[in-house]
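The values are calculated or read from the model by the stated rules, or taken from the named source; none is laboratory data. Please read these numbers as outputs of a predicted model, since none were measured by experiment. As a convention, Cβ positions derive from the backbone with ideal geometry for all residues, glycine included, and neighbour counts pool all protein chains shown.
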Amino acid sequence: MQIFVNTKYDFVKWRFAAVAFSLFWMLIGAAFYFKNGMNWGIDFAGGANIVLKFKDKVPMDRLRADLADASIQQYGKPEENSVLIRLPQLKREGDYAGATVAKLNKDLNPESADANKIDLNFHGRDRISDLLAAADPDAKGTNDDAKKHYLGIAQNIINKRSELGLFTSMSQVSSAPGVTAADAKVLGEKTFLGQFNVLNQETVGPQVGKELQQKAVLAIIFSTLAMGLYLWIRFDLMFGVAAIVCIVHDVLVSMAFLFMIRGEFSLNIVAALLLIVGYSINDTVVTYDRVRENRRKLKVGMTLEEQLNLAMNQTLSRTILTSGSVVIVLIALILFGGKVIHEFAWILLIGVLAGTYSTVTIVPAVAIAWNAMTGRTHDVKGPAARPRIEESEEPRKRKAV
């Protein structure tokens with residue numbers, strides 16, 4: 001499939017406008033950065049992330065009173081009664097998230113003070129299994145088979161909780177596979193249903209966060225330099241430098257957008273930036289390869305500007321089809337992918353768009369500027385014309401003696 005066949009667009013003409021637009025975009029991003037700073041995610045800043053799902057309406061006032069330093073916001077749709085809690089960085093190592101969840105469980109569930117009862121919305125499989133094994137409602141005894149029996153029931157209960165998000169009634173617990181009437185009776189007497197279930201919790205220590213910051217920056221820098229080195233070896237230094245500038249441009253444009261939306265710089269964003277580095281260089285390599293191929297095939301003289309325009313017009317159909325299909329997928333992720341990958345999809349979308357227009361505008365701008373500074377010529381020359389032999393200069397035939 002091909003579109004835009006035999007086009008003759010003058011992409012090089014728009015290089016100055018593209019450079020101006022990119023600089024303006026980056027300046028806006030820089031202004032947001034200096035105003036708000038970097039919104040480091042837990043992976044880099046350290047601290048804790050906790051996602052809780054409540055049976056009823058989220059008690060925001062109570063949570064803010066218990067966790068004065070935390071950032072608390074709605075997670076998902078309002079009817080899901082879920083909340084995301086971000087806790088600031090601690091200067092010491094430890095299970096920050098676990099300690100916070102235990103504190104909330106104690107404060108929001110008065111029944112947890114009774115050591116003889118366990119919370120089916122909070123505790124895990126082993127606690128439930130131990131409770132059932134100690135009561136032995138199914139008269140299985142105390143052997144290993146009995147332990148496996150109750151462990152299986154406990155696992156079914158946990159699976160049911162995961163399916164529902166959390167239990168809102170004991171009838172839901174009883175509906176778990178393997179739960180007998182005797183089991184349900186024991187669970188009704190020895191357990192209770194707490195106000196919330198922990199959907200996710202993670203803790204990152206300050207030392208780990210600092211190391212991840214350094215490694216993330218180095219990964220982006222080294223991948224960019226490696227791409228430029230590859231193009232230098234495959235083509236020449238001019239194209240290698242242009243490729244590095246193009247990659248840096250795409251990363252900075254994407255980061256500027258992240259600053260504008262006050263997005264969180266997390267490991268997902270690092271992955272998106274590395275994908276942008278790889279994707280951005282793809283079109284550039286194809287264009288360079290076409291320039292090199294044209295130099296060998298063409299029989300007429302062409303300036304570097306004309307070579308670049310010709311190559312970009314020849315690859316325009318491929319560029320639009322490839323980038324267009326990626327953009328459609330990313331838009332679908334933004335609309336239906338959920339909050340977890342929302343910023344990841346947005347950064348990729350901006351990076352793909354930036355990589356597409358930088359290939360046809362920024363790369364030529366750098367290549368032409370480099371060509372002008374170095375004074376090199378990159379014209380395609382036709383085959384050397386054979387000198388015309390005039391009649392007067394034709395060799396005279398020697399007379400036979």
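Taking the stated definitions as given, is Val245 within 18 Å of the chain's Cα centre (by Cα), within 23 Å of Leu353 (Cα to Cα) and part of a helix (DSSP H, G or I)?
On the way: within 18 Å of the chain's Cα centre (by Cα): no; within 23 Å of Leu353 (Cα to Cα): yes; part of a helix (DSSP H, G or I): yes.
No, not satisfied.
With the condition kept exactly as written, say whether any residue in segment 201-219 is closer than 15 Å to Val363 by Cα and in a helix (DSSP H, G or I).
The answer is no, given that none of the residues of segment 201-219 is closer than 15 Å to Val363 by Cα and in a helix (DSSP H, G or I).
Residue-by-condition table, conditions (1) on the phi > 0 side of the Ramachandran plot; (2) not charged (D, E, K, R):
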site: Lys13; (1), (2): no, no
site: Ala20; (1), (2): no, yes
site: Asn36; (1), (2): no, yes
site: Gly46; (1), (2): yes, yes
site: Val83; (1), (2): no, yes
site: Asp95; (1), (2): no, no
site: Lys103; (1), (2): no, no
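Residues in segment 298-306: is at least one closer than 26 Å to Ala226 by Cβ, touching a residue at least 40 places away in the same chain (Cβ under 8 Å) and of a type in the set (Gly, Ala, Ser)?
No - not one qualifying residue is present in segment 298-306.
Which of (1) surrounded by fewer than 19 Cβ atoms within 10 Å (Cβ to Cβ); (2) over 25 Å from the mean Cα position of the chain (by Cα); (3) of a type in the set (A, V, I, L, M, F, W, C); (4) under 30 Å from Val83 (Cβ atoms) does Trp40 not meet, given it meets every other one?
Of the numbered conditions (1) surrounded by fewer than 19 Cβ atoms within 10 Å (Cβ to Cβ); (2) over 25 Å from the mean Cα position of the chain (by Cα); (3) of a type in the set (A, V, I, L, M, F, W, C); (4) under 30 Å from Val83 (Cβ atoms), the odd one out for Trp40 is (2).
Farther than 27 Å from Ile72 by Cα and in contact with an Asp or Glu (Cβ under 7 Å, 6 or more places away or on another chain): does that describe Lys117?
Considered against the rule, which asks whether it is farther than 27 Å from Ile72 by Cα and in contact with an Asp or Glu (Cβ under 7 Å, 6 or more places away or on another chain), Lys117 comes out as yes.
Within segment 162-178, track down each residue that is surrounded by fewer than 20 Cβ atoms within 10 Å (Cβ to Cβ) and either assigned to a helix (DSSP H, G or I) or in contact with a helix residue (DSSP H, G or I) (Cβ under 8 Å, 6 or more places away or on another chain) (or both).
If we filter segment 162-178 for residues that are surrounded by fewer than 20 Cβ atoms within 10 Å (Cβ to Cβ), which is where we start, we get 162-165, 168-172, 174-175, 177-178.
Hits for segment 162-178 are Ser162, Glu163, Leu164, Gly165, Met170, Ser171, Gln172, Ser174, Ser175, Pro177, Gly178.
Determine, yes or no, whether Ala139 is out of contact with any strand residue (DSSP E or B) (no Cβ under 8 Å at 6 or more places or on another chain), assigned to a helix (DSSP H, G or I) and aliphatic (A, V, I, L, M).
For Ala139, the condition - out of contact with any strand residue (DSSP E or B) (no Cβ under 8 Å at 6 or more places or on another chain), assigned to a helix (DSSP H, G or I) and aliphatic (A, V, I, L, M) - is not met.
Out of (1) touching a helix residue (DSSP H, G or I) at 6+ places or on another chain (Cβ under 7 Å); (2) not assigned by TED's automatic domain parsing to the domain that holds Ala365, the odd one out for Tyr33 is which?
It fails just one condition, (2).
Sort through Ala271, Ala242, Ala332 and tell me the only one that's of a type in the set (Gly, Ala, Ser) and exposed (fewer than 15 other Cβ atoms within 10 Å of the Cβ). Working first, answer last.
Details: Ala271 fails: exposed (fewer than 15 other Cβ atoms within 10 Å of the Cβ); Ala242 fails: exposed (fewer than 15 other Cβ atoms within 10 Å of the Cβ).
Testing whether each residue is of a type in the set (Gly, Ala, Ser) and exposed (fewer than 15 other Cβ atoms within 10 Å of the Cβ) leaves just Ala332.
Tell me which strands (runs of 3 or more DSSP E) are completely within segment 43-133 and hold 1 or more residues being surrounded by 13 or more Cβ atoms within 10 Å (Cβ to Cβ), of a type in the set (S, T, N, Q) and modelled with pLDDT of 85 or more, or say none if there are none.
By residue number, 82-87.
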